[in-house]
Every structure is written in C-alpha cells, then in structure tokens.
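Asker: Take a look at the following structure, please.
The values are calculated or read from the model by the stated rules, or taken from the named source; none is laboratory data. Treat the numbers as computed from the prediction; the structure is a model and nothing was measured. Methodologically, a virtual Cβ is constructed for each residue, glycine included, from the backbone with ideal geometry; neighbour enumeration extends over all protein chains shown. The area values use the complete protein model at the heavy-atom level, side chains included, leaving out ligands, DNA and RNA. Shrake-Rupley method; radii C 1.70, N 1.55, O 1.52, S 1.80 Å.
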Amino acid sequence: MKRFRFLTEVQAATIEPALSGKDILVQAKTGTGKTIGFLLPAIEKALRSPVRPKGTPILVLSPTRELAQQISTEAQTLLPQSDLRIITVTGGTRNPSTDLQKFLERDHDIVVATPGRLHDYFTGPRKTEAYEKFHGLQTLVLDEVDRLLDGGFARELDGVISMLPKTKRQNLFFSATISNNIKQVAKKYNDGSEYTFISTLKEDEMNVHQHVHQSYIITPFEKHIPTLLALLHLDSIKHPLPHVTTSTPSLSPGTTGPETLSKVMVFFPTARHVSFAMEVLSSESIKKSLPPLLEIHSRKSQSARTKAAGAFKNAKSAILLSSDVAARGIDFPGVTLVIQVGIPSSAEQYVHRLGRTARAGAKGQGIIILDPQEQPFYTTREMQKTTTISPYISSPSSHEAKELETYIQTYAQHVQNTLETVSANNPTVIGSAYVSFLGYYKGQARMMKWSSERLVEEANRYAKQVMGWTDALPPAISPKAVGMMGLKGVRGLNIMKPPRPEREQSRGDRRQ
Ligand code: UDP
Ligand code: MG
C-alpha cells in the first residue's frame, strides 16, 4: 500500500479479529480511517481464498449513493496495481436497465451498493440471476451500520440480506455512533448470534474529537440566515491564503471576499430548507462577499449531486449547503467549519455532521445556530453523553461579539432586500420550505413542547418573518400532506382545494 505506512487506531484494533474471521461491530470516531478498516481484511481474505468457480466475495452496503461511490474509489486507489473488479450499484443513474445488464454480465470482486437499488435487482424480472451473483459471498460490510439499521431502510435491507446465500459469511459492521439498541438490532443480521463489539472510544470519552472546537448561538429563527452569513464571512477572514497572512484583509459584506482557504459545510433540517437558503445566498449582493456556493440534497438530480460533491471535494475554498445526504461518511478534505442551522434530527446526526471537519487529525470547528425554543436539544441526555458545547460568544461586551453583531446587521439588510425578490419570483420555494418546516418540526414537537396548534402558528410565523411570505394566508398545503403529518383539523392551515394528486415518493426515500 503506497498511501499509508501505519494503521490508524481503529484499523489496528480490528485487523486481527477481522482476519481471524470474527463477526465484528465496530465503533470509532469520524474521520479515523474506518473505510480501510473494513476493506483491508475483506480484500485480504478474498485474495487468499478466491471464490471458485466464480462469485462475488465482498458486498458493502452504504446508506447514500455518494458514500457508496467514495468507498468504491477508496477500494480502487487502495490497490491500484491489482486487478480487483469493483462495481458501484446505486439509484439515480440514467439507465437502470443498462446498469443491470452490466452488473449481470461481468464478474465482480467487490460490490458497493445502496440497499434500494440492490433490492430492485433482487425483486426485478432478473432477480434469480442477480442474487446468484453473490454465490460464495465471504464478507458483508454495513458501513454507517446504525443508519442502515435505524428503520428507514428496513424493507430493502431485509429484502437484500434475506436473499444472500445461506453459506457462512463474515459480517463487518462499522459506524461512529452505535447505541445499545443498535447492538440488539445488529444481532438480527448476524443470524441472531453474538458478534465481537470493538470500540476505540475510551470509557466515558465523548464521541467527538477533542480538537474540534464546538459552540452554539441562540438566536430567533429570523436571525438564522444573517447570523450564518456573518459566520461564513468571519471564517473566510480567519483562513487567509498563506501569501496574504501579512496584510489583514479589509472587507465588509458586499465587497468581494478575500482569497481564502475557508471551506464550510452548512447543514439544514431538510432538502427544502437548503433550496430556500440557496435562493437567498445566491443573490448578487450576498454571494459576492462569499466563497463559491454549492448545494447538495435529495431534491437535486443525481448528476447535480455528484457534480456538487466533486466540486466541493476539490475546492480550496467553497461553501456547501447540505441536507443530511452528506452528513455521514463523506470525506471532504480541508473543511474548516461545520455550521448546523436548526436542530439536527438526533445527537448521532449532530456527531456525523460535525465529523465532516477535523478528519484524519486535521483541525476544525463546529457551530450550531438554534432558536431559543430549540435550546432543549443540547441539554438532552444523548447530547450530554456525546459532547460538550459552549456559547459562541462568551462575553456579550467583547470585541468579538460586537464584530459579529455588526456583520449580522449588515447582512440582515441584504437578506431583507433579497427576500422581496424571492417571494415575488419564486413563491414555490417558500411554499415547499414551509411544508417541510411543518413536517420536520412535527417530528421534534415533543422536545420543543409544541402542540399541533403551536406548530402551525410557528410555521406561519416562520413563513412571514424568515422567508418573507407576504400573503395574508399562509402558503397552501395539500390535504394529503396535512393527513400524512397528522395535522387534520388543526387551525391556521391554508388547505388546497380541490386536492391535487401528488406524486408518490420513491420507496425508502426519506428526502434528506
Ligand atoms: N486515512 C488516513 N490513514 C488511513 C486511512 C485513511 O489518513 O490509514 C485518511 C483517509 O484518506 C481519509 C480520512 O483519513 O481522508 C478519513 O478516512 P475514512 O473516511 O475512512 O474515515 P471514517 O470516517 O470512515 O472513519
Ligand atoms: Mg466512514
């Protein structure tokens, strides 16, 4: 192996049990080399005892398409001289029937797949040929195992795993976050028997790298975007290119940003929130003071997703607005800052999002922006067990606090002007984000202590004050969406009449 001379901690802890054939469930922090941790023993075993006459020795499952692609690339670059045949099997491609044809007519050493597409193959017209490809399967890897087992993929995963050959195979399950519940669920996929649990976390150690500085800012929803912009701007000042370090870059919002190494991922609760933020941030007056903007989420075509991920990977400086599609596993080098706008869906998701920075020993910073009503999030038991966060501004009278506030106010004006254009030109982006707000915060209502009436009031206020919705009635919502969210009969909604048929969401697609 040319690239790496030493095993990382998790690789060192797992290589022997993995090579000795044990089924293992492994927990190690984000960005610590888990990918090679499972690829190396799986490949070693396949090379030592090839499957005869032919069959696929290694199957790796991943929750997202981008992660599947990354794992394939890692496997390829790990042993560039070898003739390992690796194929990636995911949704979102242009021509599924050609994909299937290729999958069936060639032999593979490693199949890296998302559960949905493989399940399609296993239930489609050529299903027998498809699962016979896994004749002689030696190793099954579940990367991001807790996400794969958290229920959202249950149908596909059950379908796929139950069709794998019944011969003895080895299971390698990996994640940065593994709860006790997941340990139980994992047994089901291990023929009900025990596996060896390996964690590189010390007892009582927090799940987040100590070298990531984390802080929170509590501010009302309507100030979230101006605050985000101020933070983006400050990060670009904090990371000047080496040759400009001697002169302090002087700039204010509205002027062209400095040449910078600032590379930031910004997470929002839903895909629609990302679309809305992209609309605002890409207005002329705002984007000219920032590094290049990119967006990634499930409402984009796969080719747009792949392009954005590639561009961000290679960029020296950029801002990637993201939903949880890029929260796990993806290795973007050089991310200086992760900003989370609003509460993440769980403490685990917080950890994975934050884990996009400070990878492989690098430095990084995390900031979460919360509405006062979202504050209970970081006092939940799960968060307390996971990490410690402190206020971003420790002293309100400090120079730092004043500087931040000045930027927020300047940006607030730009945002205000932009919102008028957005609501005039693109009301559907607001309408969709409004419905997403309802759906997302319905799921968080218990923690926020919101009744359904209160949820609707808050969403209506959000549409007006955050997104600049000007009509007297809130954005319209379909009766079907109301029914699905369990909001039938709740006051304050503007329900569409007559009902329009909605396209069904694709299976297993949780629209992150
Ligand atoms: N990496 C490394 N040494 C290794 C394996 C990986 O420095 O032995 C680098 C790898 O190139 C990547 C980063 O560490 O940039 C994170 O690896 P990975 O995505 O596997 O981490 P995970 O989050 O899965 O633990
Ligand atoms: Mg990983």
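Asker: Rounded to the nearest 20 debye, what is the charge dipole size of region 1-93 about its Cα centre when +1 sits on each Lys and Arg Cβ and -1 on each Asp and Glu Cβ? Don't skip to the answer; put the middle values down first.
Answerer: Numbers: 12 positive and 7 negative charges, 40 e Å.
Here the size comes out at about 200 debye.
Asker: Using the structure shown, list the pairs from LYS183/LYS263; LYS22/LYS54; LYS22/LYS188 with a Cα-Cα distance above 28 Å, or answer none.
Answerer: Numbers: LYS183/LYS263 35 Å; LYS22/LYS54 24 Å; LYS22/LYS188 16 Å.
Correct reply: LYS183/LYS263.
Asker: Based on the Cα gyration tensor of the chain, what are the three equivalent ellipsoid semi-axes, each the root of five times an eigenvalue, rounded to whole Å and given largest first?
Answerer: On the way: eigenvalues 318, 156, 93 Å².
Semi-axes (√(5λ), whole Å): 40, 28, 22.
Asker: To make sure I understand the rule: partners must be lysines, Cα under 25 Å from the Cα of LYS497, and not fewer than 8 residues away in the same chain. Which ones qualify?
Answerer: Partners within reach: LYS442, LYS464, LYS480, LYS488.
Asker: For the chain, with only Lys/Arg (+1) and Asp/Glu (-1) charged at the beta-carbon, what is the dipole magnitude about the Cα centre, in debye rounded to 20? Show your work: numbers first, answer last.
Answerer: Values: 63 positive and 48 negative charges, 206 e Å.
The calculated dipole for the chain is roughly 1000 debye.
Asker: Sticking with this one: Pairing the Cα long axis of helix 224-238 with the longest principal axis of the chain, what angle in degrees results, from 0 to 90 and rounded to the nearest 10?
Answerer: The two axes meet at around 70 degrees.
Asker: Take the eigenvalues of the Cα gyration tensor for region 353-392, scale each by 5, and report the square roots as semi-axes in whole Å, largest first. Intermediate values should be presented prior to the final figure.
Answerer: Numbers: eigenvalues 95, 31, 13 Å².
Whole-Å semi-axes of the equivalent ellipsoid: 22, 12, 8.
Asker: Report the one residue of VAL325, GLY364, HIS213 whose Cα lies farthest in the direction of the positive end of the charge dipole of the chain (charges on C-beta: Lys and Arg +1, Asp and Glu -1; origin at the Cα centre).
Answerer: So the residue we want is VAL325.
Asker: Another one. Helix-only estimate, please: 222 nm mean residue ellipticity of the chain, summing -39500 (n - 2.57) across DSSP H runs of length 4 or more and dividing by its residues, to the nearest 500.
Answerer: On the way: 20 runs with 213 residues, N = 512.
Helix-only estimate at 222 nm: -12500 deg cm²/dmol.
Asker: For the peptides 288-294, 422-428, what is the packing order when you average, over each peptide's residues, the other Cβ atoms within 10 Å and list the highest mean first?
Answerer: 288-294, 422-428
Asker: Taking square-rooted eigenvalues a ≥ b ≥ c of the alpha carbon gyration tensor, is region 52-114 rounded, prolate or oblate, where a/c under 1.5 means rounded and, failing that, a/b exceeding b/c means prolate? List each step's numbers first, then the result.
Answerer: On the way: a/c = 1.79, a/b = 1.13, b/c = 1.58.
Taking the square roots of the gyration eigenvalues as a ≥ b ≥ c, region 52-114 is oblate.
Asker: Add +1 for every Lys or Arg and -1 for every Asp or Glu among the other residues with Cβ under 14 Å from the Cβ of PRO376, and state the total.
Answerer: Details: positive: ARG381, ARG446, LYS449; negative: ASP371, GLU374, GLU382.
So the environment of PRO376 carries a net charge of 0.
Asker: If the cut-off is 21 Å between C-alpha atoms, which lysines fall inside it for LYS300, apart from same-chain ones fewer than 8 positions away?
Answerer: LYS287, LYS313
Asker: Right, another one. Between the DSSP loop rule and a limit of at most 14 other Cβ atoms within 10 Å, which trypsin sites (Lys or Arg not before Pro) in region 164-243 are left? Can you show the working numbers first?
Answerer: Values: sites: LYS166, LYS168, ARG169, LYS183, LYS187, LYS188, LYS202, LYS223, LYS238; in loops: LYS166, LYS168, ARG169, LYS202.
The qualifying sites are LYS166, LYS168, LYS202.
Asker: Please list 380-388, 37-45 highest first by mean number of surrounding beta-carbon atoms within 10 Å per residue. All intermediate terms of the calculation are to be shown ahead of the outcome.
Answerer: Numbers: 380-388: 14.4, 37-45: 22.3.
Top of the packing list down: 37-45, 380-388.
Asker: While we're looking at this one, here's another question. Put +1 on the Cβ of every Lys and Arg and -1 on every Asp and Glu Cβ in region 394-453; which of LEU419, MET447, LEU404 then has its Cα farthest towards the positive end of the dipole?
Answerer: The Cα lying farthest towards the positive end belongs to MET447.
Asker: Using the Cβ atoms and a cut-off under 15 Å, what net charge is assigned to the surroundings of LEU493, where Lys and Arg are +1 and Asp and Glu are -1?
Answerer: Numbers: positive: LYS442, ARG454, ARG461, LYS464, LYS480, LYS488, ARG491, LYS497; negative: GLU453, GLU457, GLU458, ASP471.
Every neighbour counted, the sum reads +4.
Asker: Okay, next question. Whenever you get a sec, compute what percent of the accessible area on region 1-123 sits on carbon and sulfur atoms (1.4 Å probe).
Answerer: Working: 2930 of 5790 Å².
Exposed carbon and sulfur together represent 51 percent of the surface.
Asker: When the accessible area of region 349-447 is split by element with a 1.4 Å probe, what percent falls to carbon and sulfur?
Answerer: Of the solvent-accessible surface of region 349-447, carbon and sulfur hold 52 percent.
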